[in-house]
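Notes for the one structure printed next.
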Amino acid sequence: MADVISLDPQILLHISTTLNLPLAGIRSVMGLLDEGSTVPFIARYRKEATGNLDEVQIRDIEQKILYFRDLLSRRESILGSIAEQGKLTDELKTRILQTLDRSELEDLYLPYKPKRRTKATIAREQGLEPLALYMWNQERTETDLITLAQSLIDPAKEVASVEDALQGARYIVAELISEDAEVRKTVRHLMFEEGVIVSRKCFDAKDEQEKFKMYYDYREPAKTIPSHRMLAVRRGESENVLYWLMELDEQRVLSLICSRVLRHNGDWTAHLNLAVEDCWKRLLNSSIQGELRLELKRRSDTDAIQVFRDNLQNLLLAAPAGPIGVLGIDPGLRTGCKIAIVDETGKFLAHDVIYPHTGREREASQKLAALMQGHNVRAIAIGNGTASRETDTFVRDFLSEHTLSDIFRVTVSEAGASVYSASELARQEFPDLDLTVRGAISIARRLQDPLSELVKIDPKSIGVGQYQHDVDQRQLQQSLEATIESCVNRVGVDLNTASWALLRYVAGISERIALNIVAYRDTHGRFNTRTELHEVPGIGPKTFEQAAGFLRIRNGGQLLDSTAVHPESYPLVEQIANSLGTPISELIRNPQLLNKLNKSDFSAGSYTLEDILNELRKPGRDPRDTFVAPSFHEAVREIDDLNPGMVLEGVVTNVAKFGAFVDIGVHQDGLVHISEISNRFIKEPSEVLKAGQIVKVKVLTADTKTKRISLSIKALQENTERKPKSTPRTAPPLSMEDKLSSLSKKWKVSTTT
């Protein structure tokens, strides 16, 4: 392992104070990370060491550690550079060593940083630095300002007059002011606290769809502008529709700088005021604006990435239909509907193409019935793309005609399915199949287990991000990878059925090791115990320690291998069973026996013991919700079918800072603005809604031309509050189609993954 930079107590205390976390826990996390432990492993199996810090807290600590190690590395580089110049005083060294902020560190280094040729540089070459220092030091001497300026006139150096000398000296002073760390810190703070973001439309800019209309002449304080509006302004700038800047009261900032620079009056006062004005207009304004533009981008990127992470997490942890046979349909009109059947484990069984929307309904029905015959299909998953609602109607009629009431149909998001179909991974899985068939397989598997299938797709292609192409791509990728890793390890992975694409996200397992596991499995057959992992090339003691607890083996030689109990704790489970006078198998079959346990008899930590007992009570439990199939309104298929006031059921597809998008089955998601989500105050939509959630919405407006749908959840809440609970709800008698729809909605499947 490469050497790591140690953090001194001052920095650790600062991290503790900033994150409001115990110092001992931070030290433990840092030590475990330096030993090669992963965040999921630390959060799940090292609770005693960390004081039960959760995964979010541990990742925050990890980020802080990385930040300060980078700062320390930069600090050493800066100290070395200044020392080489012979300008490192004890006072400067102390200030550099004490700063814990990267911007302040760079401010301290700025006067000593190699720079291009400036007006101040030229003035120094002209011999005008003594005059500048007279102004800067503000100390009376025997020689006054004008006399000193006259003595420095030298036509050979292009200093032809007193005014030339004074102007050159002011250039030097302006640069000294702009490089003063305290001045920069003060101006930076003022601009962030009181600055205003101003955006305007570029002259002759083309914005045919008026996407940026609200920002043509827009103002909002920099301190409070939400990330989505900042990102929208930046997007407008990148598309040459908008330009934007930060405005600040000039007199306010000039007065503030003067108060920092001018200590007492003298013949230098007027010139210092001119130098301050020149410094602000020529140097500081653009420099600090550039820094704050980057800071606003960083802040907006962080917020947008967090929204993306939350949406992705909710999507990955969506309730699975479980190990059931599924028929997946990738719908189409003229090109037909591609069909694929997978068994309970997701294994591909058969495929075909039907054309139910080109006058060949009977043929399509017969072909579908023949394909399903002999396969234990319990659900039909229909992609939500083109012809989705038409295909859903055809399937509904097919199920009714063949009285297949035990089979339910579900519309599944196919976002990213085409990306997967054309990927190298899909070609490796199904080299002989057309990419459209691969898409149908992916749709079927998404219903069975969204997590296992979606990890095969670049998360940026799943469609749950906010301005995802505008944010820092490296930071985005790292965050999304961490989110996937967290979800995979929270659920656990079946060692004998998981693809390498899923295995690579297990704690401690790299892509190379994941491929080795699959290759070993293909050669030697299924794993019977976790300990067999030691035979896989690349898996040493550390990798085994990190990964074993998150890998499951069903029906293997060791009963505990199917649980989240780590192998290192197997002796403790045996002690528990022995203390109760029963074998482990009986303990798992009758978890109520654990109620007789005296926890004080065991030396294990309380967190570890409690986790083990919870696992024994529900071995191999899936943390995801129970599956519920959504139901779209049968009569609503296109935007034209929508009318204000309609109440529909839909699925939340994306949650942003300004609202949530809901799929109501018309090929265009509707927007529930944050103001229409709840009748109580909420700071963010994510407080109430999450991706994948089934909700009831009321249609406010539906514009066919712009394809914009406005929805409300709050309106239904208000109606519910106004209506007495005892008031019966009247409705016409249900048709057979509605009964089938109701049946599919109520269908629930509990699963263990």
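Listed values, structure above:
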item	result
Any hit, region 503-512, residues being touching a strand residue (DSSP E or B) at 6+ places or on another chain (Cβ under 7 Å) and not aromatic (Phe, Trp, Tyr)	yes
Ala340 being touching a residue at least 24 places away in the same chain (Cβ under 8 Å), closer than 27 Å to Thr653 by Cβ and buried (at least 17 other Cβ atoms within 10 Å of the Cβ)	yes
Residue identified as buried (at least 18 other Cβ atoms within 10 Å of the Cβ) and in a loop (DSSP other than H, G, I, E, B) among Leu689, Leu587	Leu689
Single match in Ile517, Ile509, Ile513 (criterion: assigned to a loop (DSSP other than H, G, I, E, B), within 22 Å of Glu429 (Cβ to Cβ) and not charged (D, E, K, R))	Ile509
Residues of region 627-656 satisfying the condition of being surrounded by 20 or more Cβ atoms within 10 Å (Cβ to Cβ) and either over 27 Å from the mean Cα position of the chain (by Cα) or not hydrophobic (A, V, I, L, M, F, W, C) (or both)	Ser631, Phe632, Leu642, Leu648, Gly650, Thr653, Asn654
So Asp611, is it part of a helix (DSSP H, G or I) and either assigned by TED's automatic domain parsing to the domain that holds Pro450 or under 24 Å from Lys714 (Cα atoms) (or both)	no
Index of the failed condition, Leu502 passing every other in (1) over 12 Å from the mean Cα position of the chain (by Cα); (2) touching a residue at least 24 places away in the same chain (Cβ under 8 Å); (3) part of a loop (DSSP other than H, G, I, E, B)	(3)
Among residues of region 190-216, those that are within 30 Å of Ser259 (Cβ to Cβ) and aromatic (Phe, Trp, Tyr), counted	1
Region 603-618: number of residues that are buried (at least 18 other Cβ atoms within 10 Å of the Cβ) and over 29 Å from the mean Cα position of the chain (by Cα)	5
Enumeration of residues in region 16-35 that are loosely packed, with under 13 Cβ neighbours inside 10 Å and among the polar types (S, T, N, Q)	Thr17, Thr18, Asn20
Test: residue in region 376-398 that is free of Cβ contacts under 8 Å to residues at least 24 places away in the same chain, of a type in the set (S, T, N, Q) and either surrounded by fewer than 23 Cβ atoms within 10 Å (Cβ to Cβ) or within 30 Å of Asn311 (Cβ to Cβ) (or both)	no
Subset of region 394-431 (residues that are over 29 Å from the mean Cα position of the chain (by Cα), in a loop (DSSP other than H, G, I, E, B) and more than 16 Å from Arg378 (Cα to Cα))	Phe430, Pro431
Residue check for Val491: in contact with a Ser or Thr (Cβ under 8 Å, 6 or more places away or on another chain), within 23 Å of Ile42 (Cα to Cα), outside the structural domain of Glu55 (by TED's automatic domain parsing) and in contact (Cβ under 8 Å) with a residue 24 or more places away in the chain	yes
Members of region 222-243 that are part of a helix (DSSP H, G or I) and among the basic types (Lys, Arg)	Arg229, Arg234, Arg235
Positions within region 700-715 being assigned to a strand (DSSP E or B) and either closer than 11 Å to Ile639 by Cα or out of contact with any strand residue (DSSP E or B) (no Cβ under 6 Å at 6 or more places or on another chain) (or both), in sequence order	Thr701, Ala702, Asp703, Arg708, Ile709
Per-region count, region 661-705, residues of a type in the set (Val, Ile, Thr) and without any contact (Cβ under 8 Å) to a residue 40 or more places away in the chain	4
Pair list, Cβ < 7 Å and 6+ apart or interchain, from region 594-615 residues that are of a type in the set (S, T, N, Q) to residues that are in a helix (DSSP H, G or I)	Thr608/Lys47; Thr608/Glu48; Thr608/Ser569
Filter result for the condition that a residue is farther than 24 Å from Glu453 by Cβ, surrounded by fewer than 17 Cβ atoms within 10 Å (Cβ to Cβ) and within 22 Å of the chain's Cα centre (by Cα), over Arg334, Arg298	Arg298
Filter pass, Leu254 being within 26 Å of the chain's Cα centre (by Cα) and part of a helix (DSSP H, G or I)	no
Conditions (1) touching a Gly at 6+ places or on another chain (Cβ under 9 Å); (2) in a helix (DSSP H, G or I); number of the one not met by His14	(1)
Residues located in region 319-349, provided they are among the basic types (Lys, Arg) and assigned to a loop (DSSP other than H, G, I, E, B)	Arg334, Lys347
Odd one out for Lys64 among (1) over 24 Å from Ile484 (Cβ atoms); (2) at pLDDT 95 or above; (3) buried (at least 17 other Cβ atoms within 10 Å of the Cβ)	(1)
Qualifying residue in region 36-55 (condition: crowded, with 18+ Cβ neighbours inside 10 Å, in contact with a helix residue (DSSP H, G or I) (Cβ under 8 Å, 6 or more places away or on another chain) and within 24 Å of Arg74 (Cα to Cα))	no
Meets criteria (out of contact with any strand residue (DSSP E or B) (no Cβ under 9 Å at 6 or more places or on another chain), surrounded by 15 or more Cβ atoms within 10 Å (Cβ to Cβ) and either farther than 22 Å from Tyr420 by Cβ or not assigned by TED's automatic domain parsing to the domain that holds Ser686 (or both)) for Thr523	no
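This table checks each residue for (1) outside the structural domain of Glu62 (by TED's automatic domain parsing); (2) surrounded by 20 or more Cβ atoms within 10 Å (Cβ to Cβ); (3) of a type in the set (Ser, Thr, Tyr).
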position	(1), (2), (3)
Phe408	yes, yes, no
Ala417	yes, yes, no
Ser423	yes, no, yes
Arg427	yes, no, no
Leu433	yes, no, no
Ala440	yes, yes, no
Pro450	yes, yes, no
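Yes or no, residue by residue, for (1) touching a residue at least 12 places away in the same chain (Cβ under 8 Å); (2) within 22 Å of Lys87 (Cβ to Cβ); (3) in the same structural domain as Val276 (by TED's automatic domain parsing):
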residue	(1), (2), (3)
Leu97	yes, yes, no
Leu100	yes, no, no
Arg140	yes, no, yes
Thr147	no, no, yes
Pro155	no, no, yes
Glu175	yes, yes, yes
Ile197	yes, no, yes
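The values are calculated or read from the model by the stated rules, or taken from the named source; none is laboratory data. Note that the structure is predicted; figures quoted are calculated from it, not measured. As a convention, Cβ positions derive from the backbone with ideal geometry for all residues, glycine included, and neighbour counts pool all protein chains shown.
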